[in-house]
């Protein structure tokens, strides 16, 4: 009985890894072992950083809102607390956008929250 090698399936597996390693430099693109390691590490980083991106953007929005609040004479924590007390439902992304693009409108929001 002839020896079975399962060549088509293993070739497909290798081609899938080498296709994912397209654009890498040197042996990372051509050699299956280093390509497999590099692709694995790249996928791990992509998975981790999809979650990290959300954290980083929220931190950026908070920094922008805080800077705009300080220009209007109120701290970030007092501003957010007053927003919630007034029942104004604005998320940090929208607030940061208003603070960066339209400082007069943000000043009006601060005065509405203070009164």
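Worth pointing out:
- With both labels modelled 7 Å from their Cα along Cα-to-Cβ, the residue 59 to residue 71 distance reads 2.3 nm.
- Note on 1, 90: ascending count of other Cβ atoms within 10 Å places them as 1, 90, the fewest first.
- Normalised by the number of residues in the range 28-104, the mean separation of alpha-carbon contacts (under 8 Å, six or more apart) gives a relative contact order of 30 percent.
- Projected label points at residue 34 and residue 84, each 7 Å from Cα along the beta carbon direction, are separated by 5.3 nanometres.
- Highest-fluctuation residue, 101, 64, 92 considered, GNM on the chain with Cα pairs under 10 Å: 101
- The range 2-73: relative contact order as a whole-number percent, Cα under 8 Å and 6+ apart: 18
Just so you know, all these numbers are worked out from the coordinates, no wet-lab data involved. What you see is a predicted model; the values in this text were computed from it and never measured. Positions of Cβ are backbone-derived with ideal geometry, glycine not excepted, and every protein chain shown enters the neighbour counts.
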